[in-house]
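This report refers to the structure that appears directly beneath it.
The values are calculated or read from the model by the stated rules, or taken from the named source; none is laboratory data. For clarity, every value in this text was computed on a predicted model and none was experimentally measured. Don't worry about glycine lacking a Cβ; one is built from the backbone with ideal geometry, like all the others, and counts go over all protein chains shown.
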4 protein chains.
Amino acid sequence: MREPEVDSAANPPSERNLNYWEYIRVEELLALQRGFDDDESKVSNDEALFIVVHQIYELWFKLILRELTTARDLFRQNPVPDMAMSSVVRSFKRVVAIFEQATAHFRVMETLTTRDFLGFRDRLIPASGFQSAQLREIEILLGLEDDLRIPIGREGSYKEALKAADGSESSATRRVEARIAGGPSLKRVIYDWLSRTPIDGPSGADGVDRFLASYIDAHRAEAHDRMARAQQQAMTPADEGRLRERYEAETAVAAAFLLGNDDPSADEATRARLRRVRAALVFLESYRELPRLAWPREVVDATIEMEQSMLIWRQRHARMVERVIGRRTGTGGSAGVDYLDQTALRYRIFSDMWAVRTLLLRQPSVPELVHPDDYRFKVED
Amino acid sequence: MREPEVDSAANPPSERNLNYWEYIRVEELLALQRGFDDDESKVSNDEALFIVVHQIYELWFKLILRELTTARDLFRQNPVPDMAMSSVVRSFKRVVAIFEQATAHFRVMETLTTRDFLGFRDRLIPASGFQSAQLREIEILLGLEDDLRIPIGREGSYKEALKAADGSESSATRRVEARIAGGPSLKRVIYDWLSRTPIDGPSGADGVDRFLASYIDAHRAEAHDRMARAQQQAMTPADEGRLRERYEAETAVAAAFLLGNDDPSADEATRARLRRVRAALVFLESYRELPRLAWPREVVDATIEMEQSMLIWRQRHARMVERVIGRRTGTGGSAGVDYLDQTALRYRIFSDMWAVRTLLLRQPSVPELVHPDDYRFKVED
Amino acid sequence: MREPEVDSAANPPSERNLNYWEYIRVEELLALQRGFDDDESKVSNDEALFIVVHQIYELWFKLILRELTTARDLFRQNPVPDMAMSSVVRSFKRVVAIFEQATAHFRVMETLTTRDFLGFRDRLIPASGFQSAQLREIEILLGLEDDLRIPIGREGSYKEALKAADGSESSATRRVEARIAGGPSLKRVIYDWLSRTPIDGPSGADGVDRFLASYIDAHRAEAHDRMARAQQQAMTPADEGRLRERYEAETAVAAAFLLGNDDPSADEATRARLRRVRAALVFLESYRELPRLAWPREVVDATIEMEQSMLIWRQRHARMVERVIGRRTGTGGSAGVDYLDQTALRYRIFSDMWAVRTLLLRQPSVPELVHPDDYRFKVED
Amino acid sequence: MREPEVDSAANPPSERNLNYWEYIRVEELLALQRGFDDDESKVSNDEALFIVVHQIYELWFKLILRELTTARDLFRQNPVPDMAMSSVVRSFKRVVAIFEQATAHFRVMETLTTRDFLGFRDRLIPASGFQSAQLREIEILLGLEDDLRIPIGREGSYKEALKAADGSESSATRRVEARIAGGPSLKRVIYDWLSRTPIDGPSGADGVDRFLASYIDAHRAEAHDRMARAQQQAMTPADEGRLRERYEAETAVAAAFLLGNDDPSADEATRARLRRVRAALVFLESYRELPRLAWPREVVDATIEMEQSMLIWRQRHARMVERVIGRRTGTGGSAGVDYLDQTALRYRIFSDMWAVRTLLLRQPSVPELVHPDDYRFKVED
């Protein structure tokens, strides 16, 4: 950002001596593309591109980790200060903006042809973008559950892939271990905060249960209504029966989810927590227009948008690898592409936020609130 | 790019020890955001963003300089090997892809509010993005004429702005001086190559003159035709006269341009060169469909696209600065925004390529070639 | 959006018969690309592209007009309901998203070469994208002042350009006149709302004046502080004098702007209104972190973002026209490109929002509020 | 594209009367958003957005179908005229540019919240974007094999989904049937053209077989070389054996593919054709730098880029639907999202082009050509 009109004489001596290139550390930065032989003259334009794009990814990842850590620390408080919410939304939007850049970078990578890439690929082995410690840190900080992780080739655990060649600790494993030890995940603190949301009145288990009961009733009523209309069209008793079964199943699944009964192995404390989290999500989405819910709702929206931006990046990554390296159709090779595609399909961190969308009601169907005035405010008064 | 299926045992020992993070130099890279006090703990997320985005610009600029240098060296040859042309087009397309990334990055910068930015702006002075030596190098390597440059505040010359605070040489001035001394500009070598293009037959001044004469005739005929139709509509003798004047002026301007007579101060050698360059450009655009002209035409198209991508980047830069720092309407402040907007309006490197577009003819109007077969070839035969 | 799992039997007869292609009116839509001769077989792919891209612009413009009208109607109320604010922000963000699409479309247009375009250009005259009534309506609805408008060629007024060829009314002029008659502009209603913002206490002229006085003091103090530091560096008494003049001028300009004294021709009522609007803008930006100011602040941010997105679209438009039609450097032709570039530089609707950015203070310098508690609220309580 | 400087008097009467809004058919176009009740006043902004975005998709699809048809007709010729190749590449790049726009539009759709969408969703049933006849036509014209298609819910065949509610013919089924009857697919004609490519000498089965044999040898040699290096690292005889098996399998799979032996059910004519197509692809990629191969290679590259752009659009589509409608994790609902994701993973039209990338060799490993001079040419001579 250029500011030529500002008077450079207006600064204390210590600062006057720091020029743009010193502040940005341009010379050190531009000396980090020396490749395998520590000799940039042996690095082709194509390999320089490869190195630089990966360096740019690491720089973006660093910013993402900073924003996520700040957001986590704000949401770790109890109660979360109201001023924190717009700040967290801004952090998440920044992360979204960065993932969008990162997604677009694959186009630059695709200016490499397969043959260009083969020219230096062999020397890259076993160095692989999969060894990005910071990407693993982002997943850990967000709260990706370990049991969702898709195993990678022979290494098994993602941590194995980060070890030094002789199996010892590396800077990458140290980063990841420090992140794991560095505090709760965003998912954890956001779910904690959601579980404290006052639902139509003072917070407490009773209010949650009352709200869920009335919401499940409303869900059943909406489903029943649609079923009744459908049955007018149904030709045969068999059709009628099939329709009834279907709507009943839909209602039962929604109720089980909202009441935390969808995982039979969960203990009661876990279920109670899930109930509160899910009730809060349904509540925030259903009464979006209440002024006091506006910021919490923005937090949820921004969280979804942030996770989505990462999924879009993963899928675009798969398409780039497929384009440059290819896919042998039908022979099941190409584990790299498949792995990347599978992470996009299976990795969902804020899974309850995604699931809640499937059981929301049309605005006229949501239960009426008992205490709507608790959620209003005025600026002009 | 991940390659988990590859067997890491398949590499000689020297290479096995280089992991991704060593190859990419992750640790050194992530240690370059320590700000003014050489202490990252004092750097806010907002300032880290500012530093990183500028570092990313410098990394992209490095790749651009590499591609432009390679392209310049290929076109420096006489004759330019035919294999070079698709290679240069690929380089230019890569530069376009990079400028598009760089343009999109301003959105990330715009996640800074004015107040966020003010929080660390004062310490930035006099460090300014304007001090990017590599951006100046790109302009020099492309061939931006010094007399087009818009002066910057008090410094006058752009080179002044790159000096150390005490007026001595800096790494930035050294970079720029080395670039100036490092060989001809892309504009120079591309114009040299254009001036050698065989125009409808063996290359030579005669062929050029003959082609230009017939093209100017065709241009006059097309203009005359449009004038005749227009005069049928003209109500009054005055309208008729005005129309005639207008079409005659248009034809005269086109002819003067094509014949290199538009700059009265130019000497005959300069004019002869301009004639050849402009004849080549008109020729390539007018007979685009001839197979043998396809690659030269792609070179011209990619050159225009590359310059355009830089102009779009400049204007988007102006909009980002205006958004974050503002513009005091009417009081003439905000020299930074105006400077950036003016560079986009005035800086044109390949000005003849832009100008030629205004006098191209519809396909049925272009003169017929004498030697069209010289420009054909067959793949399937 | 596909919903294959839904049971089509569940709908009343009247709706069952409406398929996607009927709902979207696909057949009518795909019959609107028949060109000049009302015969699509005479329309080339290039011309079809030209027609379709312009149709897509008109479709997007329609959505923009709907959102802006809704936002205008919400802000026309007094007081503006607090629930309206997040709704207006969503409308503005949607407009931003649409302008971003529209900006990207120029790339599709650029797949036309100059010669492709010349193939059908002559028949387009006088039809020109400049005759888009909806684009004029957007400017009118936003509140572009007529005296800022840049005259277009011979027509003079933009309304002339929309008349039928024989100078009579057209559907385009009717649209524009209806828009002008259709109610106040967004600028008008947003400024009205800003002028009612309670500034550090109950709204009223006294509070505004008190706040502006303390803000101007803080501005002077910050400038003085920077001057003092600068003078320590100043070498000569002349430098010292020059610096003092400069900082005093800066402070005076800021004070005149805030007090509405920058336009000597304005009457006192106008100045009073400007004072209130500008005080509100400075207030919202300076205390961004106060929860109750968060939505008003989002409205201002989204307004700026929306205007910026339109400016970016204008400049990208200029670059597309220059690329396809060219620019005759130095001969001053190419009025089309220049016109488009000038609109981006001169058209600013929410000019006070842009101007305020230049006189904001660093967070530690802003005056302390007397009534900060008026601007807080809690969600968790 | 604005052209205000042009004299409107310069046109014959018939054309003078056609204004922009008549040419673009603005009034008819803006009357097509009247929704279910044929009454635009009942259409909310959200529903208008939904309708318009789908209309814009249909307009883009129309352009894509035009370009693909033109390209198909050019490649249907035998031999394909050399001038056709750059034209086809331009068509494919235009399709890419359009799919990129279409991909970006999902962001506009995402300004709909789930609740906004629920407000009008029920009335949409059974209208669904899946009923886009033009999208099916694009797949047919490209050459998507029917046996790759993923069944959609209860309808089974994609053609069923396009029928009218009462099971009769509709404009959609008529479009699709006409497309199927309208000539060969692009895949068919491109593969025909590839099968005629002269491979290192005059075209003919002998040359193809000779080239494939030498290429398979080179592939085996490269694999052997890597194996030898790997075995130096292997610790145990078991490791050594495992490595040998692995490299032998890799070589065998590559040879089977190149010789067309990968599908045991194929007859000899089919295998012969596959051999020629695959040999041509390997040949074009391996000798990319030969001038005369440059355009055929660009055709292959642009084909891959075009297919990729459609896959990216499909995946982004899935992410939009998931964001707006959600995904019930683990319960297997959400067939819409899964269906869209699966089409992106399974639909590959130019599968041989993707597969060939996995067996390309590094440049130093490719066999030397016998007749390289057949593939050179000169512009400057």
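Results, tabulated for the structure shown:
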{"read-out": "Among the residues listed as B:Ala269, B:Ala318, the single one being among the small types (Gly, Ala, Ser) and free of Cβ contacts under 8 Å to residues at least 24 places away in the same chain", "value": "B:Ala269"}
{"read-out": "Meets criteria (within 14 Å of chain A (Cβ to nearest Cβ) and of a type in the set (Phe, Trp, Tyr)) for C:Phe61", "value": "no"}
{"read-out": "Check on D:Asp200, acidic (Asp, Glu) and surrounded by fewer than 19 Cβ atoms within 10 Å (Cβ to Cβ)", "value": "no"}
{"read-out": "Residues that are surrounded by 21 or more Cβ atoms within 10 Å (Cβ to Cβ) and out of contact with any Asp or Glu (no Cβ under 9 Å at 6 or more places or on another chain), drawn from the range A:203-215", "value": "A:Val208, A:Leu212, A:Tyr215"}
{"read-out": "Selected residue (only one of B:Arg123, B:Arg94, B:Arg66 is at pLDDT below 95 and either outside any helix (DSSP H, G or I) or basic (Lys, Arg) (or both))", "value": "B:Arg123"}
{"read-out": "Which numbered condition B:Gln101 misses (of (1) surrounded by fewer than 18 Cβ atoms within 10 Å (Cβ to Cβ); (2) touching a residue at least 24 places away in the same chain (Cβ under 8 Å))", "value": "(1)"}
{"read-out": "Residue identified as under 29 Å from the mean Cα position of the chain (by Cα) and away from chain B (no Cβ under 14 Å) among D:Ala272, D:Ala213", "value": "D:Ala272"}
{"read-out": "Residue check, D:Glu67 charged (D, E, K, R), crowded, with 20+ Cβ neighbours inside 10 Å, within 10 Å of chain C (Cβ to nearest Cβ) and over 30 Å from A:Ala230 (Cβ atoms)", "value": "yes"}
{"read-out": "Residues within the range B:175-191 that are surrounded by fewer than 18 Cβ atoms within 10 Å (Cβ to Cβ) and either in contact (Cβ under 8 Å) with a residue 60 or more places away in the chain or within 30 Å of B:Ala272 (Cα to Cα) (or both), tallied", "value": "6"}
{"read-out": "Some residue of the range A:287-303 being more than 22 Å from A:Leu68 (Cα to Cα), more than 10 Å from every other protein chain (Cβ to nearest Cβ) and crowded, with 21+ Cβ neighbours inside 10 Å", "value": "no"}
{"read-out": "Candidate set from the range A:126-151 (those that are assigned to a helix (DSSP H, G or I) and at pLDDT below 85); member that is surrounded by the fewest Cβ atoms within 10 Å (Cβ to Cβ)", "value": "A:Gly129"}
{"read-out": "In the range B:80-128, the residues that are within 29 Å of the chain's Cα centre (by Cα), of a type in the set (Gly, Ala, Ser) and more than 7 Å from chain A (Cβ to nearest Cβ)", "value": "B:Ala84, B:Ser86, B:Ser87, B:Ser91, B:Ala102"}
{"read-out": "Residue list for the range A:76-125, filter: within 28 Å of A:Leu340 (Cα to Cα) and of a type in the set (Gly, Ala, Ser)", "value": "A:Ser91, A:Ala97, A:Ala102, A:Ala104, A:Gly119"}
{"read-out": "Single condition D:Arg66 does not satisfy, out of (1) of a type in the set (Lys, Arg); (2) free of Cβ contacts under 8 Å to residues at least 60 places away in the same chain; (3) farther than 28 Å from C:Asp38 by Cβ", "value": "(3)"}
{"read-out": "Selected residue [of a type in the set (Val, Ile, Thr), over 18 Å from C:Lys187 (Cα atoms), away from chain B (no Cβ under 11 Å) and over 16 Å from the mean Cα position of the chain (by Cα)] from C:Val366, C:Val370, C:Val337, C:Val324", "value": "C:Val370"}
{"read-out": "Subset of the range A:160-174 [surrounded by fewer than 20 Cβ atoms within 10 Å (Cβ to Cβ) and either within 23 Å of the chain's Cα centre (by Cα) or closer than 30 Å to A:Phe283 by Cβ (or both)]", "value": "A:Thr173"}
{"read-out": "Test: residue in the range A:231-253 that is modelled with pLDDT of 90 or more, surrounded by fewer than 19 Cβ atoms within 10 Å (Cβ to Cβ), in contact with a Ser or Thr (Cβ under 8 Å, 6 or more places away or on another chain) and within 18 Å of A:Val356 (Cα to Cα)", "value": "yes"}
{"read-out": "Filter result (of a type in the set (Ser, Thr, Tyr) and over 19 Å from B:Asp192 (Cβ atoms)) within the range B:233-289", "value": "B:Thr236, B:Tyr247, B:Thr251, B:Ser265, B:Ser286, B:Tyr287"}
